[in-house]
Amino acid sequence: MIQNDRELKATLNRIERFQKQVEKLQQVETNPRNYELSAGGFLSEIDRMNLEVAEYLSIHSSELIKPIADTDPIKTDDLIFYSSTWHRWGTSLASSVLVTG
């Protein structure tokens, strides 16, 4: 399901690309059966995406999932990975701890 305006825009762009592909198939495919087989997958996907768009647009903006504004995404430079292995009587226990800085 579409969860934000960025995903909505991406889905609408994808629908447009698929529609253009089907239009192109209409122009170049000479055999009606081949056209039907070729375009069918695109048309099904267009229908599915249109349903997702309608579902997203039917939800009021106050009910949509909003990102938390005052949190920074974790950068890989901020992470320190600690790994230790403990050997005892021929067995090995490995543990990993994620520490953020």
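See the values below:
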read-out: Cβ pairs under 6 Å, 6+ apart, first in the range 26-46 and farther than 19 Å from E16 by Cβ and part of a helix (DSSP H, G or I), second at pLDDT 95 or above and small (G, A, S); value: none
read-out: Selection count, the range 11-38, where residues are out of contact with any Asp or Glu (no Cβ under 8 Å at 6 or more places or on another chain) and surrounded by 13 or more Cβ atoms within 10 Å (Cβ to Cβ); value: 8
read-out: Single condition L51 does not satisfy, out of (1) closer than 22 Å to R14 by Cβ; (2) modelled with pLDDT under 90; value: (2)
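The values are calculated or read from the model by the stated rules, or taken from the named source; none is laboratory data. Note that the structure is a prediction, hence the values are computed from the model and not measured. Don't worry about glycine lacking a Cβ; one is built from the backbone with ideal geometry, like all the others, and counts go over all protein chains shown.
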